[in-house]
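Data first, discussion second: the structure below is written as structure tokens.
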Amino acid sequence: MRALLGQSINLYAAFLLIVSFAMISQRRILSLVHLYTTQGVTLVLATVTVAYLTNQPHLFASAAITFVLKVVLIPILLHRVIDRLDVRWDVEPLINIPTTMLIGIVLVVFAFNLALPIAQLSSSIARSTLGIALACVLLSFMMMIVRAKAIPQVIGFLAMENGLFFAATSATNGMPMIVELGIALDVLVGVLILGVFMFQIREQFDSLDIRHLERLREE
């Protein structure tokens, strides 16, 4: 049973990587929110599995916080922002999808090579998934760079935090609870601030394309 659960962590990691690739190729904003929610559910399952296998109660609390914040609260906030702004599609990526996918593959190879020596030093049962966790971080960061609209960039930022959270679980069996609570609060406050930021962009330019901000700099 424990061996099966140990293998399931690798399955969760592979699924997170697939979702990350789906996010960088997705243009429908509602689908991005659904994929982000799927990421959150996968993180919860992976954290609960690690908590059970390592007998660390604080990871169960971490999984509960992740569920409330990333599966329930943040997706609800994102859906409300999308409904208020009436934005459904991100039709102007800065790089076309095939090129983005090729760059993503290169980033995955780089992440695996970068994580290999670190994983060998780790004693975590999930250390073999560290390369995937770093790949998810890099793919999410690339998503923030290649998107022209504000909402997909916010989702990319949130997905990058998911990758960092999974990397911490992979390398060290989770962070101290006080650190996790602080990060959870920072992410929630960040989403609220970015929501206000998006409303301001929409009021000023009647669009969520952040390239309009260059006008302010030029003026």
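Site pair Phe110 and Arg27 shows an inter-label distance of 2.6 nm when each label is modelled 7 Å from Cα along Cα→Cβ.
Label sites at Asn96 and Ile118, each approximated as a point 7 angstrom past Cα along Cα to Cβ, lie 3.4 nm apart. Residues of the stretch 134-164 with an amide N closer than 12 Å to a point placed 7 Å from the Cα of Leu77 along the Cα-to-Cβ direction: 155, 158.
Any read-out appearing in this document is the output of simple, stated calculations on the displayed coordinates, not a laboratory observation. Keep in mind the model is a prediction, meaning the values are calculated, not measured. Virtual Cβ from ideal backbone geometry, glycine too; neighbours counted across all protein chains shown.
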